[in-house]
Amino acid sequence: MKVDIWSDVVCPWCYVGKKRFEAATAEFAHGDEIEVEWHSFELDPTSPHEHQGDMAQRLSRKYGMTIDQAVAANDRLTRVGAEDGIDFRFDRARSGNTFDAHRLIHLARKRGVQDAVKERLMLAYFTEGELVSDHDALVRVVAEAGLDADEARRVLESDAFAADVRADEEAAQEIGITGVPFFVVDQKFGISGAQPVDVMVDVLERAWAKSHPEPVQVLAGGDTADGQCDDGSCAV
């Protein structure tokens, strides 16, 4: 069973959703049979190399809230993240354009380390204060997650995987995805947002049941032909 996930590496609810999805697959009886593919979604494709001001200031400007309200919102999210094992350090966060990070996530899928690279980039941004638009930082971080540093740098110095990022974003528009994280389970069920673990488990179970129906159990009759028509004739 395949799960396609759209998210951005600077989206805090995407990180929470990733942790909850991992917890859900651990509870799900067939969790080891799930294939996960991460898809690109830029929260702000027009972002500069690095935004000025701290996270609270950016939230205040974007959503028209006071600095105190922005700080309180970050504090609430920090507590939520802690419950899922995330150490949100919004005081360190340096926000910038994520297009190149997404290109490296596509490279990581090609090399079989996509989930590890996705996790490492989120940790770098949310906990360590790395600027995920900076090429030197990106190369160092993804190399720690299993990518070849020289290959990663060559990708960043070219336009490799740019079309893949855009294709993901076009697919999101076609599906109707306007916010992330968004999970598509077995091309049949959608999960919007960082839903609780039990909700995710329920969707996984429903998707599995739909694609793996149980065979009908014969409770009476066995091998006898009595009372049954077969091949155009009936036993009388």
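General remarks:
- Lone qualifier among Asp87, Asp115 - being outside any helix (DSSP H, G or I), within 19 Å of Glu22 (Cα to Cα) and in contact (Cβ under 8 Å) with a residue 40 or more places away in the chain: Asp87
- Close pairs (6 angstrom Cβ cut-off, 6 or more residues apart or separate chains): in contact (Cβ under 8 Å) with a residue 40 or more places away in the chain in region 22-39, basic (Lys, Arg) anywhere: Trp38/Lys118
- Only residues that are of a type in the set (D, E, K, R) and crowded, with 19+ Cβ neighbours inside 10 Å were counted across region 121-133, and they come to 1.
- Test: residue in region 125-145 that is in a helix (DSSP H, G or I), in contact with a strand residue (DSSP E or B) (Cβ under 9 Å, 6 or more places away or on another chain), within 22 Å of His51 (Cα to Cα) and not charged (D, E, K, R): no
- Take the conditions (1) buried (at least 19 other Cβ atoms within 10 Å of the Cβ); (2) at pLDDT 95 or above; (3) out of contact with any Pro (no Cβ under 9 Å at 6 or more places or on another chain); (4) more than 19 Å from Gly193 (Cβ to Cβ); Lys118 misses just one of them, which is (4).
- Subset tally (residues that are surrounded by 16 or more Cβ atoms within 10 Å (Cβ to Cβ) and not in a helix (DSSP H, G or I)) for region 64-84: 1
- Residue match in region 188-201 (condition: of a type in the set (Asp, Glu), at pLDDT 95 or above and loosely packed, with under 13 Cβ neighbours inside 10 Å): yes
- Of residues in region 37-72 being in contact with an Asp or Glu (Cβ under 9 Å, 6 or more places away or on another chain) and of a type in the set (Phe, Trp, Tyr), the one farthest from His135 (Cα to Cα): Trp38
- Checking Ala124, Ala194, Ala160 one by one, the residue that is more than 25 Å from Leu77 (Cα to Cα) and of a type in the set (A, V, I, L, M, F, W, C) is Ala160 and no other.
- Within region 46-97, tally of residues that are of a type in the set (S, T, N, Q), touching a Phe, Trp or Tyr at 6+ places or on another chain (Cβ under 7 Å) and at pLDDT 95 or above: 1
- Residue in region 98-106 that is within 28 Å of Asp198 (Cβ to Cβ) and among the aromatic types (Phe, Trp, Tyr) present: no
- Across region 85-115, the qualifying residues are those that are under 30 Å from Ser60 (Cα atoms) and among the charged types (D, E, K, R), and the one among them that is surrounded by the most Cβ atoms within 10 Å (Cβ to Cβ) is Arg103.
- Test: residue in region 213-235 that is touching an Asp or Glu at 6+ places or on another chain (Cβ under 9 Å) and either surrounded by 11 or more Cβ atoms within 10 Å (Cβ to Cβ) or modelled with pLDDT of 95 or more (or both): no
- Conditions (1) under 20 Å from the mean Cα position of the chain (by Cα); (2) among the hydrophobic types (A, V, I, L, M, F, W, C); (3) modelled with pLDDT under 95; number of the one not met by Val113: (3)
- The residues of region 1-21 that are among the charged types (D, E, K, R), touching a helix residue (DSSP H, G or I) at 6+ places or on another chain (Cβ under 9 Å) and outside any loop (DSSP other than H, G, I, E, B), listed by number, are Asp4, Lys18, Lys19, Arg20.
- Filter result for the condition that a residue is under 27 Å from Lys110 (Cβ atoms) and over 17 Å from the mean Cα position of the chain (by Cα), over Ser40, Ser47, Ser7: Ser47
The values are calculated or read from the model by the stated rules, or taken from the named source; none is laboratory data. In this text, all values refer to a predicted model and were calculated from it rather than measured experimentally. A quick note on method: Cβ atoms are made from the backbone with ideal geometry, for glycine too, and the neighbour counts reach across all protein chains shown.
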